[in-house]
């Protein structure tokens, strides 16, 4: 399916497995430039090798790490057009800054 997303830049959190991995794969097939975020690097290595995505290691339960990860993704891609929040976290977490 052609969605007209080719050339857009996306950050996908929780991209190492499940829904996040499936969404990242679908976006890559549409020609989207990707930064993929997860806690562990190993599950992302195959995706990065296949699609040339930027891999960002980050635990979303740590607001400071999340801010740094989002900044790293934006720097790697030259900006972010699409944000997919597919990462899960147990317990309450802060939302970070409001200057997005």
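Residues in segment 1-31 that are without any contact (Cβ under 8 Å) to a residue 40 or more places away in the chain and within 23 Å of residue 42 (Cα to Cα): 16, 17, 21, 22, 25, 26, 28, 29. Highlighted here are the helices (runs of 4 or more DSSP H) found entirely within segment 1-98 that include at least 2 residues which are surrounded by 13 or more Cβ atoms within 10 Å (Cβ to Cβ) and modelled with pLDDT of 95 or more: 18-29, 63-77.
The values are calculated or read from the model by the stated rules, or taken from the named source; none is laboratory data. Predicted model only: the values in this text are computed from it and were never measured. Neighbour counts run over all protein chains shown; Cβ positions are idealised from the backbone, glycine included.
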